[in-house]
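All remarks here apply to the structure that follows.
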Amino acid sequence: MKQALKQFLARQMIKHRKNRRDSVSELERLHTQQKTPGYNDSIYFSGWQTDGLSFVTRQAFRSDKPNENWLKIHIPGEGTWGFENRDLPAGNGFAQGKLEYLSEIPGKHWILKYNGPIFKDNLEEDILLNISWEGIGPVIDFDREGALLKNTARRIAAEPWNSNFFRKLKELYKVHYEQAGTVRGKIVWQGKEVPLTGHGVRDHSFGRRSWEGWERHIWFLGVLEDGHYFNASIIDYDFLKDLKAGYLGDASALVTMADLPSFGDLALKEPLPAETELPLQIRPGEKEKLLKVKMKAFFPFLMDNTYHIRQALAHFKLDGVPGMGIAEMGINVEKYGMDLSY
C-alpha cells in the first residue's frame with residue numbers, strides 16, 4: 001500500500017477517536033468489564049510539598065488478574081515507606097481495603113484516605129492519610145488534547161500493516177486523562193500529625209492493558225513556580241515505537257506540545273538515569289525549550305514480573321523556571337536485563 005494512502009487512513013483512525021464524548025462524571029467513575037480479557041481501570045494520585053514530603057498512590061481493577069494497589073510515602077528524615085500489591089478486598093468504587101479515593105466533585109475535588117500499615121524493609125508502622133486533592137486546570141482527555149496525534153498517525157503508517165498489527169493496535173487503545181492540582185491535608189505518623197500542603201498530579205485510564213508489550217517509557221509531570229503545569233511523555237511498545245504526549249497549561253489555557261524527542265534522540269547513558277534533559281518544542285516554529293530533570297526520592301514498582309516502573313519525586317526546570325513533580329521511567333526487565341532486587 002502506498003505510504004501516502006496509509007498516512008491518510010491512519011489519520012482517519014486517529015480522527016475517529018476524537019468523536020468520543022463522555023461527561024466528566026462518566027469519566028470519573030470506576031469502569032469494569034469482567035468478560036473482557038486484560039481489561040484494567042487504573043487510577044493514580046500523587047502529591048508533594050517543597051520540603052520533600054511526598055506520596056504516590058494507585059489502584060487498578062483488573063478483569064482476569066489480581067487487582068493492583070500502591071501507596072508509597074517519602075518522609076524527610078525517615079525515608080520511603082509504603083506497600084505494593086497487598087491482598088486488599090475491593091470495596092465500593094475506588095476502594096481496596098482501607099485505601100479509598102472519593103470523588104467529591106467530578107473533575108475538581110477528590111478525597112484520598114488510608115488508615116493502616118506501611119512498610120520499609122522489615123519495619124512496619126501504622127499511618128493515617130487524609131488528603132484533599134483539588135484540580136487547578138481542566139481534565140485533559142488524550143483523545144482530544146495532550147497526545148501528539150499527528151505523530152501517532154505517522155508512526156502507525158510507518159509500520160507494516162497486517163492482521164496481527166491491527167489486533168495489537170486495537171488492544172492498545174484506552175481512555176486516558178490527566179489533571180494537575182493542589183493537595184492539602186495531613187499524615188499521622190508515629191502518633192504525630194504531619195501537615196501536607198503542596199501540588200500534585202493525577203491520571204485515570206481504562207481499557208485493555210498488557211505489561212508484556214511495553215518496552216520502555218517516560219512520563220514526566222510537574223507544576224512550575226510560575227503556575228504552569230506540564231506533561232512530557234514518550235513510549236515504545238514492542239510493535240509500535242515513538243508515541244508521544246505533552247502539554248503546557250495554566251489555570252486559563254492549555255497547549256498540546258508540537259514535538260518531543262524520541263528515545264534515540266535522548267541517547268541515555270543508562271536505562272534509568274537519576275538526571276536527564278529533554279528539548280521540548282511547545283508550539284510549531286518556536287525554539288525548543290529545555291526541560292531539566294533531577295530525581296530525588298524513588299518509588300519503584302514491578303508490573304506482573306515483566307515491567308519495572310520507577311517513579312521519583314523530581315525537581316524540574318523548564319526554560320529556567322523551577323518546579324517539582326513526578327518523573328516516571330519504565331523498562332521491560334527481560335529485554336533490558338534489569339535487576340529486580342529493589
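With the condition kept exactly as written, say whether any residue in the range 230-251 is under 25 Å from HIS74 (Cα atoms), of a type outside the set (D, E, K, R) and open to solvent by 50 Å² or more (accessible area, probe 1.4 Å). Write out each step before concluding.
Taking the range 230-251 and keeping what is under 25 Å from HIS74 (Cα atoms), we get 230-233.
Applying the additional criterion that residues be of a type outside the set (D, E, K, R) yields 230-233.
Subset that is open to solvent by 50 Å² or more (accessible area, probe 1.4 Å): none.
No, every residue in the range 230-251 fails to be under 25 Å from HIS74 (Cα atoms), of a type outside the set (D, E, K, R) and open to solvent by 50 Å² or more (accessible area, probe 1.4 Å).
Looking at PRO195, is it without any contact (Cβ under 8 Å) to a residue 40 or more places away in the chain and in contact with a Lys or Arg (Cβ under 9 Å, 6 or more places away or on another chain)? Talk me through it step by step, then tell me what you get.
Numbers: without any contact (Cβ under 8 Å) to a residue 40 or more places away in the chain: yes; in contact with a Lys or Arg (Cβ under 9 Å, 6 or more places away or on another chain): yes.
Answer is yes for this residue.
Could you grab me the full set of residues in the range 252-269 that are open to solvent by 100 Å² or more (accessible area, probe 1.4 Å) and either over 17 Å from ARG310 (Cβ atoms) or of a type in the set (Asp, Glu) (or both)?
Result: SER252, ASP265.
Could you tell me whether any residue of the range 136-154 is among the basic types (Lys, Arg) and touching a strand residue (DSSP E or B) at 6+ places or on another chain (Cβ under 6 Å)?
Of the range 136-154, the ones among the basic types (Lys, Arg) are 144, 150, 154.
Checking the rest, the ones that are also touching a strand residue (DSSP E or B) at 6+ places or on another chain (Cβ under 6 Å) come to none.
So far as the range 136-154 goes, no, none of its residues is among the basic types (Lys, Arg) and touching a strand residue (DSSP E or B) at 6+ places or on another chain (Cβ under 6 Å).
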Candidate set: the range 128-184, residues that are of a type in the set (A, V, I, L, M) and in a loop (DSSP other than H, G, I, E, B); chosen: the one nearest to the chain's Cα centre (by Cα)
VAL139
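Regarding LEU71, is this residue touching a Pro at 6+ places or on another chain (Cβ under 9 Å) and of a type outside the set (Lys, Arg)? If you could, list the steps in order and put the result at the bottom.
On the way: touching a Pro at 6+ places or on another chain (Cβ under 9 Å): no; of a type outside the set (Lys, Arg): yes.
The answer is no for LEU71.
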Please go through the range 1-39 and pick out each residue that is modelled with pLDDT of 80 or more, in a loop (DSSP other than H, G, I, E, B) and not charged (D, E, K, R).
SER23, LEU30, HIS31, THR32, GLN33, GLN34, THR36, PRO37, GLY38
Out of the residues in the range 104-135 meeting the condition of being aliphatic (A, V, I, L, M) and in contact with a strand residue (DSSP E or B) (Cβ under 6 Å, 6 or more places away or on another chain), tell me which one is most open to solvent (accessible area, probe 1.4 Å).
LEU128
With the requirement that a residue be at negative phi, buried (at least 17 other Cβ atoms within 10 Å of the Cβ) and out of contact with any Lys or Arg (no Cβ under 6 Å at 6 or more places or on another chain), what does the range 140-152 give you?
ILE140, ASP141, PHE142, GLU145, ALA147, LEU149, THR152
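Just to be sure, is LYS241 closer than 25 Å to ASP143 by Cα and among the basic types (Lys, Arg)? It would help to see each step written out before you state the result.
Numbers: closer than 25 Å to ASP143 by Cα: yes; among the basic types (Lys, Arg): yes.
Spelling it out, LYS241 is indeed closer than 25 Å to ASP143 by Cα and among the basic types (Lys, Arg).
Taking the residues in the range 100-122 that are in contact (Cβ under 8 Å) with a residue 40 or more places away in the chain and assigned to a strand (DSSP E or B) as candidates, determine which candidate is nearest to TRP189 (Cα to Cα). Steps first, answer last, please.
Narrowing the range 100-122 to residues in contact (Cβ under 8 Å) with a residue 40 or more places away in the chain: 101, 103, 106-107, 110, 112, 114, 118, 120.
After this cut, where a residue has to be assigned to a strand (DSSP E or B) as well, the list is 101, 103, 110, 112, 114, 118, 120.
Values: TYR101: 20, SER103: 25, TRP110: 22, LEU112: 16, TYR114: 12, ILE118: 10, LYS120: 14 Å.
Filtering the range 100-122 for residues that are in contact (Cβ under 8 Å) with a residue 40 or more places away in the chain and assigned to a strand (DSSP E or B), the one nearest to TRP189 (Cα to Cα) comes out as ILE118.
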With the requirement that a residue be at pLDDT 95 or above, open to solvent by 80 Å² or more (accessible area, probe 1.4 Å) and within 17 Å of GLY82 (Cβ to Cβ), what does the range 287-342 give you?
LYS296
Filter result for the condition that a residue is open to solvent by 50 Å² or more (accessible area, probe 1.4 Å), closer than 19 Å to LEU27 by Cβ and touching an Asp or Glu at 6+ places or on another chain (Cβ under 8 Å), over ARG155, ARG208, ARG184
ARG208
Quick check, is ARG11 surrounded by fewer than 11 Cβ atoms within 10 Å (Cβ to Cβ) and in contact (Cβ under 8 Å) with a residue 60 or more places away in the chain?
no
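The values are calculated or read from the model by the stated rules, or taken from the named source; none is laboratory data. Worth saying up front: this structure is predicted, and the values here are computed from it rather than measured. Note that each Cβ is placed from the backbone with ideal geometry, even for glycine, and that neighbours are counted across all protein chains shown. Note: accessible area is taken over every heavy atom of the protein model, side chains too, but ligands, DNA and RNA are not part of it. Shrake-Rupley method; radii C 1.70, N 1.55, O 1.52, S 1.80 Å.
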